[in-house]
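Trainee: Next up is a structure, given as structure tokens.
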Amino acid sequence: TNTKVLIPKWLMVASKPEKAEFLAALFGADGMAPSQSNKWGGDFNPIRLSLNKAETLRSNGLEYAHQIKSLLLDLGIKVSQIKEREGNIRVDGTKSIKFVITLAKSVENTITFLERIGYRYCTEKEIKGNQWLYYLRARQNLLKERQKLRIKALQLRKENGWGKHRIA
């Protein structure tokens with residue numbers, strides 16, 4: 001909170017596997033694992049990473065958050081927003097700001113994150129991440145199958161003039 005932190009320059013230009021490993025450890029430590037939405041049973045909450053900085057280090061926190069966003073973009077993962085929220089008041093009276101990095105909430109983006117980065121050093125998050133990865137892949141495959149059936153139904157209608165009951 002009270003220390004300036006930036007991603008080293010060498011890591012900003014490192015290989016994709018090195019960037020992924022760094023981000024996996026960071027998300028394993030401070031990131032949120034995917035979780036089920038309270039509103040919709042089959043839906044999920046976006047993956048987030050938060051960090052706190054003393055108000056006096058606001059610009060450093062923002063720069064660090066943008067560096068993380070840049071690393072994610074290098075790996076093909078979209079960030080929907082970086083938000084600043086009111087943090088805590090520490091015992092010594094220092095006020096902090098909470099920076100929240102939210103990944104774009106789409107099935108494709110979440111699968112890309114879980115396949116390319118995931119979580120390290122936190123078994124619980126690794127397990128949850130893998131469970132969501134398998135679920136989202138299965139959901140994606142079902143959607144593709146439905147799309148194929150739709151195309152086949154449209155072809156039958158066009159070629160044979162059949163109605164929906166005959167096609168079914």
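The values are calculated or read from the model by the stated rules, or taken from the named source; none is laboratory data. Bear in mind that the values here come from a model prediction, so they are computed numbers and not experimental data. For neighbour counting, all protein chains shown are included, and Cβ atoms are generated from backbone atoms with ideal geometry for every residue, glycine included. These accessible areas exclude ligands, DNA and RNA; they are computed on the full protein's heavy atoms, side chains included. Shrake-Rupley method; radii C 1.70, N 1.55, O 1.52, S 1.80 Å.
Trainee: Restricting the search to the range 73-88, which residues are in a strand (DSSP E or B) and within 14 Å of A104 (Cβ to Cβ)?
Mentor: Selection gives V79, S80, Q81, I82, K83.
Trainee: Could you run through the range 45-59 and say how many residues are out of contact with any Ser or Thr (no Cβ under 6 Å at 6 or more places or on another chain) and either open to solvent by 50 Å² or more (accessible area, probe 1.4 Å) or more than 16 Å from F99 (Cβ to Cβ) (or both)?
Mentor: Qualifying residue count for the region: 4.
Trainee: Sticking with this one: So which residues in the range 58-106 are hydroxyl-bearing (S, T, Y) and over 11 Å from the mean Cα position of the chain (by Cα)? Break it down into steps so the answer makes sense when it comes.
Mentor: The first filter runs over the range 58-106 and keeps only residues hydroxyl-bearing (S, T, Y), leaving 59, 64, 70, 80, 94, 96, 102, 106.
Matches in the range 58-106: S59, Y64, S70, T94, S96.
Trainee: Filter the range 48-96 down to the residues that are among the β-branched types (V, I, T) and out of contact with any strand residue (DSSP E or B) (no Cβ under 7 Å at 6 or more places or on another chain) and list them by number.
Mentor: Residues satisfying the conditions are T56, V91.
Trainee: Can you run down the residue pairs with Cβ atoms below 6 Å, 6 or more apart or on separate chains, where the first is in the range 52-72 and on the phi < 0 side of the Ramachandran plot and assigned to a helix (DSSP H, G or I) and the partner is surrounded by fewer than 15 Cβ atoms within 10 Å (Cβ to Cβ) and not charged (D, E, K, R)?
Mentor: Y64/V5; Y64/L6
Trainee: What do you reckon, is D30 among the acidic types (D, E), exposed (fewer than 15 other Cβ atoms within 10 Å of the Cβ) and farther than 20 Å from L114 by Cα?
Mentor: no
Trainee: Sticking with this one: If a residue counts only when it is surrounded by 11 or more Cβ atoms within 10 Å (Cβ to Cβ), which helices (runs of 4 or more DSSP H) contained entirely in the range 90-168 have at least 3 such residues?
Mentor: Details: elements: 107-116, 123-160, 164-167.
Fully inside the range 90-168 and qualifying: 107-116, 123-160.
Trainee: Specify the residue that is modelled with the lowest pLDDT; the eligible residues are those in the range 100-132 that are aliphatic (A, V, I, L, M) and farther than 15 Å from A24 by Cα.
Mentor: The residue in question is V107.
Trainee: Collect the residues in the range 33-44 that are in a loop (DSSP other than H, G, I, E, B), in contact (Cβ under 8 Å) with a residue 24 or more places away in the chain and surrounded by 11 or more Cβ atoms within 10 Å (Cβ to Cβ), keeping them in residue-number order.
Mentor: Within the range 33-44, A33, P34, S35 qualify.
Trainee: Select from the range 1-27 the residues that are surrounded by fewer than 14 Cβ atoms within 10 Å (Cβ to Cβ) and within 18 Å of the chain's Cα centre (by Cα) and write down the one among them that is nearest to L73 (Cα to Cα).
Mentor: This residue is K16.
Trainee: Looking at (1) over 11 Å from the mean Cα position of the chain (by Cα); (2) without any contact (Cβ under 8 Å) to a residue 40 or more places away in the chain, which is the only condition N109 fails?
Mentor: (1)
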